[in-house]
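Visitor: Shown below is the structure under consideration.
FYI, it's all coordinate maths here, none of it is from the lab. None of these values were measured; they are calculated from a predicted model. A quick note on method: Cβ atoms are made from the backbone with ideal geometry, for glycine too, and the neighbour counts reach across all protein chains shown.
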Amino acid sequence: MQIDTELKEKLLELIEQDKPIPATYKNLLFPPEEQSQEIEIIYGCKERKEDILADTMSVPFQVVKQFGKSKEGQWENKLIFGDNLQALKFMLKDPEIKGRVKLIYIDPPFGTGDLYDASGVPAYSAALQGAAFVEFLRKRLILLKELLDYDGSIYVRIDYHFGHYVKAILDEVFDKNNFRNEIVINRFRKRTFESNVFDVGTDSIFFYTKGGSYGLKKITKPRTCSFCGNQIEPEWRGMSSPGIRRPPERKILGKIMLPPKGRHWTFKQERIKSMEAEGKIRINKKVSYTDIEGNRVQGLPEYLQTDTIVVDSNWTDLKGYVFGSKYPTENPEELLERVIDASSEEGGLVLDCFAGSGTTGAVAEKLGRRWIMVDSSKLAIYTMIKRMFNLKEKIGNKGKRLKAKPFVLYNAGLYEDHGYILTVGEQQYKTFALELFQVEPKEFDINGLEMDGVLFNCPVKVFSQKGYLTEEYVGELHDTVCEQLKARMFIIAPASRVYFLQDYIEKDGIRYYVLRIPYSVIDELHKRAFTRPMQPASAGEINQLVEQVGFDFIHPPNVEARYYRRKPKDRLVSEELVIEIVKFEPVQRSKEPIEFKDPKDALSMVLIDKDYNGEYFDMSYYFFKDEIKKEGWKIRTLGDHAGQKVAIIYLDVLGNERVEVKSAKDFKMRKNG
């Protein structure tokens, strides 16, 4: 398009005066392509797909705990604690995962800011709203598509607030031609009894595939009444359908018969033969008809309906949410059974990056699929660990006990302290360090000094775990490599091995940046602020949508508590255990630590395993800060059901935890008060 002289002059004037260009100029400067007929949502915070794939930080996985043993080289299911965007980006580097995922199911918080309530249990209050929520989800969908196999499928559950926007985004990311179904499912029902609106009774599940080649197994359910939904017995129906087919005749119960005028027999000859063998075809002598040649025939062929019917896009025969694991917004196992059975085969890889209570992994385990689950909530992680150790073989968690296959818990973006860095093997340390700072591994030398990678076209040296990085070392380094450098170089080193405070040392115009482990990435490196997801301090904050950018290391909070037992006057129990928090203080090693008026306000929750087995934390109770504070910073649990050991996890809002293990003897009897 040619821009006329007057418009050019006006634009140059605005630019020279540093004034904004009016939105009315948009179509003049960037006219829509005449050939493009696609629908696209435009909003201010929308990023280019290429930038999302390139700029999203990739945080390596750190093994926290192995559950069960597997043979060398055998797949291990993965439970990942961390921001799912950064975790998904790292998975793109794994050839066992990228392009190998057969099925994705996600039920993200719906981004409304509403506080949903079911049976008196608050569900969640999403922190992001509007365009920010749409972009939050879009970025994850872009990475999820990259992980899907060519014949893979994705199911996205969403509610009415943003369902229409999410549908348009899914059309954009996966292509509108790969949209397969909008499935309707029950939801929590808010009985408002308002006269000007209908109460909302359903959510949507959008079903897409990566391409045109995909598998979908037909799922059946017991025959039900179309109107009342109750199960009904199969009926005898006339065995003809509208329209004429050739040849028209069929051999039915030993007799050649023509169909009624203007119709055809519903089934092919082979199908009729098999149904006759099953006793599902009869001649109803009470009914007569005129065949296609005008002959009057006494006795209409009928067939007996099947006991089951094929499932369509109406899934309101299933519960919307359940509370089997005592976790808010828990999807029912019957729902995931239908999804997993329809769109994956045994041994296929299933992924859920908003895993919550772990229904996806639990059902995948029961149906013989491999699984990956990701969540940024510690409550969700411990809920899922408990769930995997309490599986029963039948859907709905019924029947005999089922032992879960081996799985591994990983940290992604929030890691064990630097002691871990100092003790792992040299190659493992170097690999972790390079991945942590997203360095391209590349071995080369500068004037005889070996380098380990490249970052922003600059050389990177991974400093030894055992030496000490001093200003003198940087000076010697400069003397060796300076003539080959343009502006900067990066040195990665354990924080405890760095003997100076500044982030970089400048010599002759060349900056030597130090990337400390476990010090968060310096802002100047990536030109963006680094954040951590906050853990909930109340039930209403569960599943809040806050992105983590960058990484940090775990710094257990300082905790002082009194442990005792007593006979309460206000409860109908013989005895209770009491944990009284005397001191709670977060440990922050950051340039800009979060300020708390009262250090105890940094508490997120306390989780308790009342009968700790010494192998894994099997959560019995959890208490949020808001309820603990109301009780005068006391936690009260049933004492007569406690085992010999009680494990307590004190979690701060930054995701750091302090674990205490107490014996039954540590809870001394105390008089009321």
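Visitor: Taking the chain as the reference, fit the longest principal axis to its C-alpha atoms, fit the long axis of helix 5-16 to the helix C-alpha atoms, and give the angle between the two in degrees, 0 to 90, nearest 10.
Guide: Taking Cα atoms only, the helix is inclined about 50 degrees.
Visitor: Ok, one more. Where both residues lie in the chain, what percent of DSSP beta bridges are antiparallel, nearest 5? Display every interim value, and only then the final one.
Guide: Working: 89 of 127 bridges.
Bridges in the chain are about 70 percent antiparallel.
Visitor: Counting each DSSP H run of 4 or more residues in the chain as -39500 (n - 2.57), what helix-only mean residue ellipticity at 222 nm follows after dividing by all residues, to the nearest 500 deg cm²/dmol?
Guide: -6000 deg cm²/dmol, from helical runs alone.
Visitor: Note the full-extension length gain between Ser590 and Lys668 as 0.36 nm times their separation in residues minus their Cα-Cα distance, in nm to one decimal.
Guide: 24.2 nm
Visitor: Ordered by residue, what ³J(HN,Hα) values in Hz, to whole numbers, does region 384-393 give under the Karplus form 6.51 cos²θ - 1.76 cosθ + 1.60, where θ = phi - 60° and Gly and Pro are x?
Guide: Per-residue couplings from phi come out as 5, 4, 4, 5, 5, 8, 10, 6, 10, 5 Hz.
Visitor: Considering only the other residues whose Cβ falls under 13 Å of the Cβ of Pro536, what net charge follows from Lys and Arg at +1 and Asp and Glu at -1? It would help to have the intermediate numbers written out before the result.
Guide: On the way: positive: Lys378, Lys625; negative: Asp375, Glu541, Asp626, Glu627, Asp652.
Net of charged neighbours comes to -3.
Visitor: Once a ≥ b ≥ c are taken as the square roots of the eigenvalues of the Cα gyration tensor of region 420-517, is the result rounded (a/c under 1.5), prolate (a/b larger than b/c) or oblate (a/b not larger than b/c)?
Guide: Because a/c hits 1.5 or more and a/b fails to exceed b/c, region 420-517 counts as oblate.
Visitor: Something else now. Rank these for me by crowding, Met239, Met534, going from fewest to most other beta carbons within 10 Å.
Guide: With the sparsest Cβ surroundings first, the list reads Met534, Met239.
Visitor: Which value in nm describes the separation of the simple spin-label points at Ala277 and Leu11, placed 7 Å from the Cα toward the beta carbon?
Guide: Inter-label distance under the simple model: 7.6 nm.
Visitor: Describe numerically, in nm with one decimal, the distance between label points set 7 Å from Cα along Cα→Cβ at Trp75 and at Asp611.
Guide: Between Trp75 and Asp611, the label points sit 3.4 nm apart.
Visitor: Another question, then. For region 236-304, just say rounded, prolate or oblate: build the C-alpha gyration tensor, square-root its eigenvalues into a ≥ b ≥ c, call rounded for a/c under 1.5, and beyond that prolate if a/b exceeds b/c, oblate if not.
Guide: Working: a/c = 1.73, a/b = 1.26, b/c = 1.37.
Oblate, since a/c reaches 1.5 and b/c is not below a/b.
Visitor: Here's another thing I want to ask about it. State which entries of Lys319/Lys366; Lys597/Lys668; Lys78/Lys386; Lys386/Lys645; Lys567/Lys665 exceed 21 angstrom in Cα-Cα distance in the structure shown.
Guide: On the way: Lys319/Lys366 19 Å; Lys597/Lys668 33 Å; Lys78/Lys386 15 Å; Lys386/Lys645 17 Å; Lys567/Lys665 16 Å.
Over 21 Å apart, Cα to Cα: Lys597/Lys668.
Visitor: Given a Förster radius of 30 Å and the C-beta distance between Gln502 and Asn457 as r, what FRET efficiency does 1/(1 + (r/R0)^6) yield to the nearest 0.05? The partial results should precede the final answer.
Guide: On the way: r = 23 Å, r/R0 = 0.77.
The pair Gln502/Asn457 has a calculated efficiency of 0.80.
Visitor: Moving on to the next point. For region 570-580, in order, what is each residue's ³J(HN,Hα) by Karplus, 6.51 cos²θ - 1.76 cosθ + 1.60 with θ = phi - 60°, in whole Hz (x at glycine and Pro)?
Guide: Karplus-based 3J(HN,Hα) across region 570-580 equals 9, 9, 8, 9, 6, 7, 9, 8, 10, 10, 10 Hz.
Visitor: Still on this structure, I have one more. Lysine pairs in region 236-304 8 or more apart or on different chains: how many have alpha carbons under 20 angstrom apart?
Guide: 13
Visitor: Using the Cα atoms as the points, what is the convex hull volume per residue of region 555-669 in Å³?
Guide: 99 Å³
Visitor: Here is a follow-up. Can you give me the pair-distance distribution of region 219-358, C-alpha pairs, 10 Å bins, whole percents?
Guide: Percent of Cα pairs in each bin: 9, 28, 23, 18, 13, 8, 1.
Visitor: Glu270 to Thr224: extension gain in nm, 0.36 nm per residue of separation minus the Cα-Cα distance?
Guide: Length difference between fully extended and current span is 13.8 nm.
Visitor: Against the longest alpha carbon principal axis of the chain, how many degrees, from 0 to 90 and to the nearest 10, is the axis of helix 471-481 turned?
Guide: In the chain, helix 471-481 runs at an angle near 70 degrees to the longest axis.
Visitor: If you don't mind, another one. To the nearest 20 Debye, how big is the dipole of region 281-349 about its Cα centre, given +1 on the beta carbon of each Lys and Arg and -1 on that of each Asp and Glu?
Guide: Computed about the Cα centre, the dipole is about 540 debye.
Visitor: Identify all aspartates and glutamates with a Cα-Cα distance to Lys466 below 16 Å; exclude those on the same chain that are fewer than 8 residues away in sequence.
Guide: Glu426
Visitor: Something else about it: Express in nm, to one decimal, how much length is gained between Lys98 and Asp626 on full extension, taking 0.36 nm for each residue of separation and deducting their alpha carbon distance. Mind showing how you got there, number by number?
Guide: On the way: separation 528, 0.36 × 528 = 190.08 nm, distance 4.14 nm.
Here the segment from Lys98 to Asp626 would lengthen by 185.9 nm.
Visitor: Let me ask another. Any idea what diffusion coefficient region 577-623 gets from Stokes-Einstein, in µm²/s, Kirkwood Rh on alpha carbon pairs, 20 °C, 1.002 mPa s?
Guide: Rounded to a whole number, D works out at 162 µm²/s.
Visitor: Return one number: the angle in degrees, 0 to 90 and rounded to the nearest 10, between the long axis of the Cα atoms of helix 130-147 and the longest principal axis of the Cα atoms of the chain.
Guide: Its long axis makes an angle of about 80 degrees.
Visitor: List every residue whose amide H lies under 5 Å from the amide H of Met239, counting only residues 5 or more places away in sequence or on a different chain, with H placed 1.01 Å from N in the peptide plane.
Guide: So Met239 has HN proximity to Glu302, Tyr303.
Visitor: Over the chain, what lengths in whole Å, largest first, do the semi-axes of the equivalent ellipsoid take, defined as the square roots of 5 times the eigenvalues of the alpha-carbon gyration tensor?
Guide: 54, 38, 26
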